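Enquirer: Would you mind keeping the following structure in view while I ask a few things?
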Amino acid sequence: MTTPLATWIAVLGRGRRRLLGALALLLLVGSIVGSGSRGALFTAALGALVLLVVYARGARQRLLAAAGVAAATAAAVGLAQIPQPNPAATGPSPTACVRCKLNPHDADRWLRLEDELDAPAGPGHPGQRRTFLASTGRGQAWEGAIDQGEQRPVAGYGFGTEDVLRRVARELVRRDVPPVGPRRAGAPPRPRGRARPRLGDGAATARPAGRADRRGVHGRPRDRAGARRRAVVAVLGREHGDGRDVDVRLPRPGAGAAAGERPMSRNGRRPRPRLLVFNQYYWPGVEATAHLLSELCAALAAEFEVTVVTGRVAAPGGEPGRAVHEGVEIVRVNSTAYDRSALSLRALNYATYLAQSLREGMAAERPDVVLCMTDPPIIADVALLVARRFGAPLVVVSQDVFPEIAVELKRLENRVVIEVLRRAIAGYLERADRIVAIGDTMRERLERKGAPPDRLRVIPNWVDSNVLTPQPRQNEWAVEHRLADRFVVMHSGNVGYAQNLDALVRAATFLRDLDRLSIAIVGDGSRREELMALAQLLETEQVSFLPYQPREVLPLSLSAADVHVVGLARGLSGYVVPSRLYGIMSVGRPVIVAADATSETAQLVERVGCGIVVPPGRPELVAREIRRAYDGDLDLVEMGRRAREYVTAEADRSVAVGRYRDLLLDLVGRPGT
């Protein structure tokens, strides 16, 4: 009733005609989506017809609008012609499942699974039966059968919502129903002619013995070629506590397992939980989140079925499509991959990835856990929708705090956009089941943004200390790039706004007298061209720029430096934690940190004693510490030793993966280590 009422209000309205028209269209969509009954479909179609005809301009447009709605109405009516049970025939709930309390009479949608009808009713046969799928507004569903002779539904196993019922049913048949094979030699004969109670009464009517072993669930011969178009799931006769009703259901995955768990496999082992992961960047991307997430998922693949929904990257292997890498299934959507230096192009990359990842996530197999990083910042809202759609817990790994970081860097100043982003991020912070912060200061920031303290966990980023190992200072990479006989100060990683690399370039102007000094900025990012122009303007010949280095040569490139510089712009304490610090520490090199004293990076370096901390935006102080290191006033070897010792004990990949593993297993109800 609300649909035609809103339609006529929109027609009669004056100043707010467009607004009411939009409201009417939303109600039309809601009527179609919210219920599959024929009455709702007719009501929605009538409202759409009136609305489109009134708003159309000219006779031709009205005629086309009417024809289009008529065609849509015909299609809707065709879809609605689905056999529905007659509640009066069996009462309000006699066929409800005693265990799960589900009643197919409550179903508001019925979806035909198979069009074939079985043999007509006859002696010893209850009548024609048609398989069906039914769902309710509560997101529950059954597969079962309808007795066409008496119009009695038989409740089945509940496993999903309507838009993926077909796919889930086929998957259950493939995975959980063992193939029928010949009996082993010497095996005892199976009982024939098993008595089966009729629907609606407690009396059992025996089938003819010669028929029970030759016919399938729907009475069709099993050995007749082409008798059915798809595999038929064995239907189990199961008496409930009342001793009268029959429960026909798929072989129940999880019988004997906890609620929500999948069944044991035939070898007696419990199947691995499914983990669905969202992040725009993944292998073979060079971004920090791509590398971290690739290592995490590869390690978790031993105990989880991991699927990553990621975006396209401009690298070999980064094309759209499906692939498997290190045991992880990668679903790469066809998002744009423009240069991120322009904010508008970066926003377009984000928008195309968000839209397509939502589509892929909604069509994915039901996960046990959904996990995402915050790249792009609001991908967690997409992950939240997917998690709620499947009833799975959501884990958000916060790599930065947005939009505050963009506001501090003056990259985002539109108040409307800032407020929209804040609300979008607050939405998932308040609803996520677990939120992982990569530092204690970031945890405090997230609490102030509305994240429940009891759902927050702190798991710092990591490095694989078995891969990033200390290498000789004079190595082949250093020779190739003419750094072998130099005192090398290096920045290796993203070259963006948060790194505050202006101070490093300007520090070179105070160090012109150091003949053996080389300052190498290795990496790429939105500010690389700008910093190259600055170095040319200041005539700092000691500063050189090198591209991103492949992962396999990182031990050599990082070890080629005598000291590294890690910068963090002023005011970003707790909003972002530079992950490249752990790589530097893993190869046993000291570090000069130019960041606020309250930042995670500065606190870690001072606590471990593996470097020097100076305030951000002070190039003269950076130059002073570089000079001290150059002159030998700092014990760089001892600082490097402490850094390596800390990483292997506290920030190794195995330590972080173990914490994530325990967190995820706890959410799926399985004990961790």
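Values in this text are rule-based calculations from the coordinates and carry no lab data. The structure presented is a predicted model; accordingly, all values stated were derived computationally and were not measured. Here Cβ is always computed from backbone atoms with ideal geometry, including for glycine, and neighbour counts include all displayed protein chains.
Enquirer: Between Asp635 and Ala302, what FRET efficiency comes out of the Förster formula 1/(1 + (r/R0)^6) with R0 = 45 Å and r the beta carbon distance, rounded to 0.05?
Expert: Once the sixth-power term is evaluated, E becomes 0.65.
Enquirer: Please list, ordered by chain and number, the residues whose modelled amide H lies under 5 Å from the amide H of Leu517; skip anything fewer than 5 residues away on the same chain.
Expert: Those lying under 5 Å, H to H, from Leu517 are Phe487.
Enquirer: Could you give each residue of segment 325-332 its phi-based ³J(HN,Hα) in whole Hz, using Karplus coefficients 6.51, -1.76, 1.60 with θ = phi - 60°, and x for Gly or Pro?
Expert: Computed from phi, the couplings for segment 325-332 are 9, 6, x, 10, 7, 10, 10, 9 Hz.
Enquirer: Need one number: convex hull volume per residue for segment 274-458, Cα atoms only, in Å³.
Expert: About 113 Å³ per residue, rounded to a whole number.
Enquirer: On to the next question. Binning every alpha carbon pair distance of segment 443-565 at 10 Å from zero, what are the percents per bin?
Expert: Spelled out per bin, shortest first, that is 12, 36, 28, 16, 8, 1.
Enquirer: Which log10 I(q)/I(0) values, to two decimals, does segment 350-446 give at q = 0.18, 0.21, 0.25 Å⁻¹ under the Debye formula with one point per Cα?
Expert: The Debye formula, applied to the Cα set alone, gives -0.84, -1.09, -1.37.
Enquirer: Please list 619-631, 303-315, 563-575, 464-476 highest first by mean number of surrounding beta-carbon atoms within 10 Å per residue.
Expert: On the way: 619-631: 18.5, 303-315: 21.1, 563-575: 22.9, 464-476: 15.8.
The most tightly packed comes first, giving 563-575, 303-315, 619-631, 464-476.
Enquirer: Also, I was wondering about something else. With θ taken as phi - 60° and the coefficients 6.51, -1.76 and 1.60, list the Karplus ³J(HN,Hα) couplings across segment 435-452 in order, rounded to whole Hz; mark glycine and proline as x.
Expert: Per-residue couplings from phi come out as 10, 9, 9, 9, x, 5, 5, 5, 4, 4, 4, 5, 4, 5, 8, x, 6, x Hz.
Enquirer: Then there is this: How high is the FRET efficiency from Ala484 to Tyr338, r the C-beta distance, R0 41 Å, rounded to 0.05?
Expert: 0.60
Enquirer: Within a 10 angstrom radius of the beta carbon, how do Tyr660, Tyr428 rank from fewest other beta carbons to most?
Expert: Final ranking by Cβ density, sparse to dense: Tyr660, Tyr428.
Enquirer: Sequence-distant or interchain residues sharing an amide H contact under 5 Å with Ile592, placed H: which?
Expert: His564, Val565, Val566, Ile612
Enquirer: Given H placed 1.01 Å from N in the peptide plane, which residues other than close sequence neighbours of Tyr281 have an amide H under 5 Å from its amide H?
Expert: When sequence neighbours closer than 5 places are left aside, the close amide H contacts are Gly311.
Enquirer: Hey, another quick one. Work out Dmax and Rg for segment 476-651 from the C-alpha atoms and quote the Rg first, both in angstrom.
Expert: 14.7, 44
Enquirer: Same structure, new question: Using the basic label-point model (7 angstrom from Cα toward the beta carbon), what is the Ala597 to Arg422 distance in nanometres?
Expert: 3.0 nm
Enquirer: How large is ³J(HN,Hα), in whole Hz, for each residue of segment 345-362 in order, when computed from phi with the Karplus curve 6.51 cos²θ - 1.76 cosθ + 1.60 and θ = phi - 60°, using x for Gly and Pro?
Expert: Per-residue couplings from phi come out as 5, 5, 4, 5, 4, 4, 4, 5, 5, 4, 5, 6, 5, 4, 4, 5, x, 5 Hz.
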